[in-house]
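Working notes for the structure below.
Rule-based calculations on the coordinates, nothing more; no lab input. Because the structure is a prediction, the values reported are computed rather than measured. Every residue, glycine among them, receives a Cβ derived from its backbone with ideal geometry; neighbour counts consider all protein chains shown.
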Amino acid sequence: MSSSTRYPTVLFDLDGTLTDPLEGIARCIRYALERLGRPPLGDEVLRTWIGPSLRDSLASVLDGDRALVERGMALYRERYAPTGIFENRVYPGIPELLADLSAAGSCVCLATSKPQIFAQRILEHFGVADHFTVIGGATLDTSRESKADVIAYVLGELPGEARSGAIMVGDREHDVIGARQHDLPTIGVAYGYGSRAELAAAGAFAIADDVAALRALLL
């Protein structure tokens with residue numbers, strides 16, 4: 001491992017950390033709610049839905065009706081899989097950061113609550129999938145859904161030496177809390193969908209306001 005990288009392994013969140021997915025996610029949620037005969041939600045509300053489990057967020061506006069929530073999830077994916085997944089943009093500077101981390105010897109991994117099958121397609125779409133040693137996400141059957149469970153999966157795919165000294169990078173409190181369950185420190189990114197206050201309260205040991213600041217913390 002090169003001396004120019006500070007961490008042997010870096011786990012990245014996806015939404016709000018590597019890419020800005022608001023357009024696609026918002027359109028797909030509104031599509032699902034419209035099909036269910038429910039009122040649309042504004043961007044201010046939907047911004048808070050990026051990061052946590054979508055299933056849990058839908059439950060909050062569908063009266064906790066699990067059957068209705070599953071119907072909502074199916075409708076969401078009906079639009080998301082062919083269209084919404086690509087209504088997305090990678091944050092400027094992220095492809096270069098991933099490439100440089102990989103070149104410097106860091107084991108770059110993804111740990112997202114988004115279904116792994118979609119996460120893989122997004123990384124391939126933006127041409128950065130090859131920089132990742134492990135791409136970890138949720139399963140469609142909900143057997144692996146929480147951030148802590150996804151992190152456990154990613155760590156389990158790594159050799160012991162790569163797990164030692166690993167760090168999480170994410171934009172929401174769920175990233176920090178999930179990482180803490182595995183004794184991983186977290187760098188919070190305030191350019192995503194969580195505030196500095198949220199990240200600090202959750203226990204992030206450092207907070208980057210932009211990709212340049214994140215780069216300085218990692219390399």
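So what are the three principal axis dimensions of the stretch 123-189 from its Cα atoms, in whole Å, longest to shortest?
For the stretch 123-189, the Cα extents along the three principal axes come out at 31, 29, 26 Å.
Just how far, in whole angstrom, is the stretch 64-102 from the stretch 1-47 if you go by their alpha carbon centroids?
Answer, in whole Å: 6.
Run lengths n ≥ 4 of DSSP H only: what is the helix-derived mean residue ellipticity at 222 nm for the chain, with -39500 (n - 2.57) per run over all residues, to the nearest 500? Don't jump to the answer; show the numbers that get you there.
Values: 11 runs with 100 residues, N = 219.
Estimated from H runs of four or more residues: -13000 deg cm²/dmol.
What order do you get for HIS125, HIS174 when you list them from fewest to most C-beta neighbours inside 10 Å?
Taking fewest neighbouring Cβ atoms as first place, the list is HIS125, HIS174.
Rounding to the nearest 10 and keeping the result within 0 to 90°, find how far the Cα-based axis of helix 116-125 lies from the longest principal axis of the chain.
Compared with the principal axis, the helix lies near 70 degrees.
Taking only Cα atoms, what is the 0 to 90° angle, nearest 10, from helix 66-80's long axis to the longest principal axis of the chain?
Computed tilt is about 70 degrees.
Per residue, how big is the convex hull around the C-alpha atoms of the stretch 22-86? Give it to me in cubic angstrom, could you?
73 Å³
Based on other C-beta atoms within 10 Å, arrange ILE187, ILE117 from fewest to most. Show your work: numbers first, answer last.
Numbers: ILE187 25, ILE117 14.
Listing ILE187, ILE117 from fewest to most nearby Cβ atoms yields ILE117, ILE187.
Can you sort ARG89, ARG71, ARG66 from fewest to most other Cβ atoms within 10 Å of each residue's own Cβ?
Final ranking by Cβ density, sparse to dense: ARG66, ARG89, ARG71.
Tell me which of VAL69, GLY165, PHE132 sits at the most positive position along the dipole axis of the chain, charges placed on C-beta atoms (Lys, Arg +1; Asp, Glu -1).
Checked the options; the winner is VAL69.
Please list, ordered by chain and number, the residues whose modelled amide H lies under 5 Å from the amide H of GLY93; skip anything fewer than 5 residues away on the same chain.
Correct list: empty.
Given H placed on each backbone N at 1.01 Å, which residues far from SER113 in sequence or on other chains put an amide H within less than 5 Å of it?
LEU14
Over 25 Å, how big is the tail of the calculated P(r) for the stretch 69-219, in percent of all Cα pairs?
The calculated P(r) of the stretch 69-219 puts 28 percent of pairs beyond 25 Å.
For the peptides 205-213, 132-140, 11-19, what is the packing order when you average, over each peptide's residues, the other Cβ atoms within 10 Å and list the highest mean first?
Numbers: 205-213: 16.0, 132-140: 19.1, 11-19: 25.8.
Result, highest mean Cβ count within 10 Å first: 11-19, 132-140, 205-213.
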